[in-house]
Amino acid sequence: MQELKWALYRKPGGVVQAVITSCQKDPSQIPNAFVYEKKFKRMLEPFKPFTRLDVIVSSPGGAVNSAFGMLKAIYDSHRPVRVLMDGYCGSSATFFVSAADKGQCYITSGGSMYVHMPKLYGREKLSGIWKLLDAQQQLSVVNGMICMYRAKLHWPRREIRLMIKESRRFTAKEAVDVGFADAIMERREFESYA
């Protein structure tokens, strides 16, 4: 199973850059969202006071709880946030579009997004983290996804649920056209923006 991971860098002008990628991990070793939130907040602590958080996401996704925890820490930072989807961003990595301030979410020209219902891993009927959740918790995860996408897209819940259920891919242009991203911007331009 994939787990989201991050690295933080100090940039000029009091900007902190968070680069989010993925790594393989045994599902039983992936902690809950609260643990991720605490770890991410603890990692941000030495960077205070920072003026802006730039999030660069380049990941096929990972455990939903890692994304939820990291997003909570980003929201709680109470700083301006810019997001760049660099290349392919899928699954829970796409949640980070909801953290960007209005007009501050970008995707690279060769980038793409893939949104879907949480997948079941392996050939078992239920496996991985999903197996550990009861029906109410699974519904809570899906509703959380809908709320995050809705914050960015402003679509009716029914349309977002349908999009997730159908598993949709978006090219960079399509991501901008539907509202996931505000514009196409290359990484070097994003990193040099003051």
Inset, instruction - Determine the pairs where a residue that is modelled with pLDDT of 65 or more, located within segment 131-148, has a partner that is in a loop (DSSP other than H, G, I, E, B) with Cβ atoms under 9 Å apart, the partner being 6 or more residues away or on another chain. - result: Gln138/Pro118; Ser140/Leu133; Val141/Pro118; Val141/Leu133; Val142/Met117; Val142/Pro118; Met145/Met117; Met145/Pro118
Inset, instruction - Report yes if Gln104 is modelled with pLDDT of 95 or more and surrounded by fewer than 24 Cβ atoms within 10 Å (Cβ to Cβ), otherwise no. - result: yes
Legend entry - Residue count for segment 60-81, restricted to those that are surrounded by fewer than 19 Cβ atoms within 10 Å (Cβ to Cβ) and on the phi > 0 side of the Ramachandran plot: 1
Legend entry - Test result for Ala93, within 24 Å of Lys41 (Cα to Cα) and touching a helix residue (DSSP H, G or I) at 6+ places or on another chain (Cβ under 6 Å): no
Inset, instruction - May I ask you to verify whether Ser167 is free of Cβ contacts under 8 Å to residues at least 12 places away in the same chain and among the small types (Gly, Ala, Ser)? - result: no
Inset, instruction - Would you mind finding the one in Leu84, Leu53, Leu4, Leu8 that is surrounded by fewer than 20 Cβ atoms within 10 Å (Cβ to Cβ) and either at pLDDT 90 or above or farther than 20 Å from Ala175 by Cα (or both)? - result: Leu8
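The values are calculated or read from the model by the stated rules, or taken from the named source; none is laboratory data. No experiment lies behind these values; they were computed from the predicted model shown. Quick reminder, even Gly has a Cβ in these numbers, built from the backbone with ideal geometry, and neighbours come from all protein chains shown.
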